[in-house]
Amino acid sequence: MRYFTQRRHFKDLSEQEVLALAISSEEDDARIYRSYAERLRADFPESAKVFDGMAVEEDGHRASLIALHRKRFGEVIPLIRREHVAGYYARRPVWLIENLGLDRIRDEAAAMEADAEQFYLTAAKRSTDAETRKLLGDLAAAEAGHQHAADRLVEQHLNDDARAEEDRGAHRKFILTWVQPGLAGLMDGSVSTLAPIFAVAFATHDTWTTFLVGLAASVGAGISMGFTEAASDDGELSGRGSPIKRGVASGVMTTLGGLGHALPYLIPSFWTATTIAIIIVFVELWAIAWIQNRYMQTPFFRAAFQVVLGGALVFAAGVLIGSG
């Protein structure tokens, strides 16, 4: 609470402080764009050039603002940043954005420029001082100019062929890093836990015991699959991306695949829980077939036949063993 009470309101800033805030914001945005460029350079060199150019544009605007500050207020620029001002637009930490893919980074850059322009326009409308109003209007125009400059840079470095090639590369990396290990985990979790869960269910008719076995099987399988995926390939040669991401995708989806038909056994009624669990198994298996068709280009009926038949056999084995 103390942190928020010490933040200044924008309406209380002097013209010098507004200018200093603009300077620090331009500097921060330039550093963000350079971080994006560095993140993209290896896999998406043309997009990296776009962000390099946007960083240079921000540097130019910052230099102009510093020159204006020097002319009006002297050499000493007050230390004020966006986090010091209540209600000022915030930037998301770079590490929250840079791992979410090329399109997400592009969208964030567009939002950065739009946020800044809108803020200055709103601030200019609320200002009653003519000079301050003009200053804020100039800053809004500068931000709008940034967006136009970004469009020019995209046209310069990202023609249709380059953009299509980078989009294909981004999609392929998404498939290899997230979808493929996640799908493998979902298949393993959904199918491999069928036998132990339904064997215990039909052997004991005890829903709580069945749930505990299902929970243990799901979590154990998730941990095993996650570590196996992460340790099997560091991604350097295969291009499959971060082993940590793949391990998380595989482990989480394995656990969810098993929990799907374990959670119904929290219901005390055995046959009600079993009926719901069987319906969930059916949905899980068809979802796996759909994902294989959607992302792995596997013909739907072939994927459905393989997954549903395999799942049915494992399910039947669990029921027979438990009933015996």
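Looking only at region 208-229, count how many residues are of a type in the set (Ser, Thr, Tyr) and buried (at least 21 other Cβ atoms within 10 Å of the Cβ).
Of the residues in that region, 2 qualify.
For residues that are aliphatic (A, V, I, L, M) and touching a Ser or Thr at 6+ places or on another chain (Cβ under 6 Å), scanning just region 185-218, find the one that is farthest from Thr275 (Cα to Cα).
Ala217
Kindly evaluate Gly137 against the criterion of being of a type in the set (Gly, Ala, Ser), at pLDDT 80 or above and outside the structural domain of Val319 (by TED's automatic domain parsing).
Against the criterion (of a type in the set (Gly, Ala, Ser), at pLDDT 80 or above and outside the structural domain of Val319 (by TED's automatic domain parsing)), Gly137 qualifies.
Identify the single condition in (1) at pLDDT below 75; (2) under 30 Å from Gly226 (Cα atoms) that Tyr89 does not satisfy, given that it satisfies every other one.
Against the list (1) at pLDDT below 75; (2) under 30 Å from Gly226 (Cα atoms), Tyr89 comes up short only on (2).
(1) within 25 Å of Ala144 (Cβ to Cβ); (2) over 30 Å from the mean Cα position of the chain (by Cα): which one isn't true of Asp28, the others all being true?
(2)
Keeping to region 279-302, report how many residues are without any contact (Cβ under 8 Å) to a residue 60 or more places away in the chain and either among the basic types (Lys, Arg) or in contact with a Phe, Trp or Tyr (Cβ under 8 Å, 6 or more places away or on another chain) (or both).
The qualifying residues number 6.
Which count do you get for residues in region 47-93 that are touching a Leu at 6+ places or on another chain (Cβ under 6 Å) and free of Cβ contacts under 8 Å to residues at least 60 places away in the same chain?
Looking only at that region, the number is 2.
Going by the conditions given, is Glu58 closer than 23 Å to Ala124 by Cβ and surrounded by 17 or more Cβ atoms within 10 Å (Cβ to Cβ)?
Yes: the conditions hold for Glu58.
Being assigned by TED's automatic domain parsing to the domain that holds Met112, more than 30 Å from Thr128 (Cα to Cα) and of a type outside the set (D, E, K, R) is true for just one of Ser24, Ser35. Which residue is that?
Unique residue meeting the criteria: Ser35.
List the helices (runs of 4 or more DSSP H) inside region 173-290, counting only whole elements, that have at least 1 residues being modelled with pLDDT under 85.
Correct list: 180-192, 207-232, 243-260.
The values are calculated or read from the model by the stated rules, or taken from the named source; none is laboratory data. From a predicted model like this one, the values you see are computed outputs, not experimental measurements. Reconstructed Cβ throughout: ideal geometry from the backbone, glycine too, with neighbour counts over all protein chains shown.
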